[in-house]
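Undergrad: One structure follows; several queries about it will come next.
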Amino acid sequence: MKYSKNESRQRRKIRIRKKVNGTFERPRLVVFRSNLHIYAQIINDLDGVTLAAASTLTLSKTEAGMHCNKSGAEMVGKEIARMAKEKNINQVVFDRNGYIYHGRVKAVADGAREGGLEF
C-alpha cells in the first residue's frame, strides 16, 4: 500500500511519540512545519499544558522581512529558547513531529541550542 507524504509523516509521528514524552523537568519541544510558516511549542505532556510557543507568524509581526526559510526557522528556535529561559526551562526533549531532521527543522533545533536549551 502506498501512503501519501502526509500519511507517512503521521505514521512516523506516532512511532516517535511512543518514545518521546515531555515531563515537568524536561518538557517536549515540538516543531510543526507548514508551507508558509514554522511553529515551535514547549509542552508538558503530564499536565497537557503548552508552556511557550513561537512561530514565524508571530515573529513577522515584530520583525520585518521574516520568512519561512532556514534563517527564519533559526530565529524561531532562538525565540523559543528565550521564552523557555524566562520560565526556568533548561532541558527539553526534541520532537521533530515526523519530519526529517534536515533543513528548517534542524535550523529550529540549532537556534534553540544557540539560545541555551539542552537536548
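The values are calculated or read from the model by the stated rules, or taken from the named source; none is laboratory data. Quick caveat, the model's predicted, so the values are computed rather than measured. Every residue, glycine as well, gets a Cβ built from its backbone with ideal geometry; the counts of neighbours run over all protein chains shown. The protein model used for the area step is the full one, side chains on, heavy atoms only, and it has no ligands, DNA or RNA in it. Shrake-Rupley method; radii C 1.70, N 1.55, O 1.52, S 1.80 Å.
Undergrad: Hey, if you put +1 on the Cβ of every Lys and Arg and -1 on every Asp and Glu Cβ in the chain, which of 98, 116, 29 ends up farthest toward the positive end of that dipole?
TA: About the Cα centre, the residue reaching furthest to the positive side is 98.
Undergrad: Might you tell me the accessible area per residue for the chain, computed with a 1.4 Å probe and given in Å²?
TA: Here the residues of the chain average 61 Å² of exposed surface.
Undergrad: When a/c is below 1.5 the answer is rounded, else prolate if a/b is larger than b/c, else oblate, so apply that to region 65-110 with a ≥ b ≥ c taken from the square roots of the Cα gyration tensor eigenvalues.
TA: The shape class here is oblate.
Undergrad: Give me log10 I(q)/I(0) at q = 0.10 Å⁻¹ for the chain, Debye formula, one equal scatterer per alpha-carbon, no solvent.
TA: Reported log10 I(q)/I(0), two decimals: -0.28.
Undergrad: Straight-line reach only, C-alpha to C-alpha below 27 angstrom: list the lysines that residue 61 could link to, leaving out same-chain residues fewer than 8 apart.
TA: Once the sequence-local lysines are set aside, what remains near residue 61 is 70, 78, 85, 87, 106.
Undergrad: Taking residue 19 as the anchor, which aspartates and glutamates have their alpha carbon closer than 15 Å to its alpha carbon, excluding any fewer than eight residues away along the same chain?
TA: Reachable aspartates and glutamates: 45, 95.
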